[in-house]
Each structure stands twice: as structure tokens, then as C-alpha cells.
1. Report, in cubic angstrom per residue, the convex hull volume of the C-alpha atoms of the chain.
2. Can you give the helix-only mean residue ellipticity at 222 nm for the chain, where every DSSP H stretch with n ≥ 4 adds -39500 (n - 2.57) and the sum goes over all residues, rounded to the nearest 500 deg cm²/dmol?
3. What FRET efficiency do you get for Ser257 and Val196 if R0 is 35 Å and r is their Cβ-Cβ distance, rounded to the nearest 0.05?
4. Going by a ≥ b ≥ c, the root eigenvalues of the Cα gyration tensor, does the stretch 51-157 fall in the rounded group (a/c under 1.5), the prolate group (a/b larger than b/c) or the oblate group?
5. For the stretch 190-198, just list the computed ³J(HN,Hα) in residue order, Karplus coefficients 6.51, -1.76 and 1.60, θ = phi - 60°, integers in Hz, with x standing in for Gly and Pro.
6. Short version: ³J(HN,Hα) in whole Hz for each residue of the stretch 217-226, in order, from phi by Karplus 6.51 cos²θ - 1.76 cosθ + 1.60 (θ = phi - 60°), x for Gly and Pro, what are they?
7. Once you've got the GNM for the chain with C-alpha springs shorter than 10 Å, pick whichever of Asp216, Asp12, Asp147 has the biggest mean-square fluctuation.
8. For Glu55, enumerate residues with amide H under 5 Å from its amide H, sequence gap 5+ or separate chain, H modeled in the peptide plane.
Amino acid sequence: MKLVDYCWRYADELQSGERCRYRRAVTVAEGTLKSFKTLASAVKRFETETGSSYELEDVGMEFQRRFVEWCRFRRKLSGGTVHRYMTLTRTIMNVAVREKLCSNLEFRRAEFVPLAEMNDVLVLNKEKMERLMSYKFKNKQLREARDIFVVGYLTGQRFSDYSRLSKEMYVEFDGQKFIRITQRKTGVIVYVPLDVRVEKILKRYGGRLPALKLSDFNMRLVKVAETMGWGGGLKLTSHTARRSFATNAYAAGIPMSSIMCITGHTREEHLRRYLRLSAGTLAVQAARDFEVLKYAQHAK
């Protein structure tokens, strides 16, 4: 079977519900479905423009080299996008092998998926977030986008979750207020401490955030970044909020386990790859870790 045909088949089965998340009896999130469709379109365009055609058995390092080269130099795609395309390709190929549609395993080589480039990702530090929260936007649409983004940052969730938060999700344990969220992508239930700023924003909009499509939200965020003087060629997107939350929390010394309780990450190594930390921040965190180690050794 051709790779492009299997990509479309895989996406169609995800959309119909015939195929669910791996080892889970739940359908994939809309964003995940869109990612696989985007990959299928990219592979089709790649084959058309290069006059090539790849069977599942052919998806190895030669395909990787040509496809990555096409993405970066012909399509001018970011390193992060290429990383995502190749990760999705590996996912599809693993399924094809499990379903005995091919025996090729070359795609499992570590170098098949290029590392995501840190420079492709915009992360807002604590100071920039505080400036964003206090900025007086004259435009109503930009104010709404900023408020939604701030809620995403203060809760550490994906857009598919923070965009639908409402006061009906409030719960209370031992006098502490939380937001109970069933994450759409994973089905994981997380309890996020209710920040008074989140409560204030939700109250401003009658207990529920303004409804915005992801594409419209991201378009508004581009304008927000321009107004704030940010970017430098990088885009402020809906996902910047979650990544900034995790990065800033870790930089502030919050334990990985506590961050994972909020973000819903199930493995520490996944969260570590997710963080975008400067060399200075890493050095400070390393110093803290060594202090903890020295204290523990002294206590013995």
C-alpha cells in the first residue's frame, strides 16, 4: 500500500470513530485528527512536486531525507513542523507494522525524527506574561484573545480544554477551589487550583469564555504579539500559553510531579522535552538540585 493512501485511510478511520486512540476506547481530539489530515496533504503534495511515490515498505531514511529537505527548503516549514510531521509518520508506520501491512522497521531509527528546534518555539517568561496581563488593549477582539490566552497560561491546559472552561467546573476540597477538567486529548482528569485571576476573567464574561475557533484565536494572537512588540519571526499561538506555563513553573522551582498533575503529562521525560529553558535557567535549576542533594547527604 502507498504511504499517502494509508495516511488518508488512517485519518478517515479516526474521523469516523472506526479507529480510536491507541489502547484507548476513546476517539481522538479534533486537533489530533487535523494533524493527521495535514500530514496526508503534505505527503501528497510532496509526491506530486517531486514526482515520487512511496510504498509503506519504502518509508525509511531515504524517504526521510527527501521529505525533510522538501519541507525545509521547498516549503520553508519550521523545524517544529517538520518534527511533528515525522513523529506522525512514525506513528502511522508503527500502526501499519502492527496490522502486518509492511515489515519495514527503518523508520524506528532515532534519527528518523529530527529534533524540534528551540528557536522555533515562542515562550513568554514571567515578566512578559505580567506585562500582557496588565496591558490595556483598546481593541475588544484583542482583549478577548488576551484574556483567553491568560486563562490558558494560568491553567496549563491545551486550547481544546482551556477554551471551554466555565464556573460549572469549579469544585472544592478542604476549602481550596479547583477546576475539574477532563482533558479531551487524553481523557485524563486533572484538578487545577483556581487562580483568582482566572475566576475574575470568567466572571467578566458571565462564567464562560468567549467562543472562538482555534484559527480565529491564533489570528488574533498574531495581532496581540504585534501590539506587544513580540515575535522576532516567531508566532504567538494558542499553545504558547501551556508551554509557557510549564517552562515558567519549572524555572520557579516547582517539582516536575506537581507540574505534571496540572498539565496531565504522564511521563517526566515527555514533560522535560516539552520545556523551553535558557542556559541560565538550567544553570540556576541545576544549582538548586545540587543544594538539595548536599542537604540530603548532610542529613545522613
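The values are calculated or read from the model by the stated rules, or taken from the named source; none is laboratory data. All values derive from a computational prediction rather than experimental measurement. Counting neighbours? That spans all protein chains shown, and the Cβs are built from the backbone with ideal geometry, glycine included. Ligands, DNA and RNA are excluded from the accessible area calculation, which covers all protein heavy atoms including side chains. Shrake-Rupley method; radii C 1.70, N 1.55, O 1.52, S 1.80 Å.
1. Enclosed volume per residue, from the Cα hull, is 179 Å³.
2. Taken over the chain, the calculation gives -17500 deg cm²/dmol.
3. In this case the efficiency is close to 0.90.
4. Verdict is prolate for the stretch 51-157.
5. These are the phi-based 3J(HN,Hα) values: 10, 10, 9, x, 7, 6, 4, 6, 5 Hz.
6. 4, 5, 5, 5, 5, 4, 5, 4, 4, 4
7. Largest GNM mean-square fluctuation: Asp216.
8. Correct list: Leu3.
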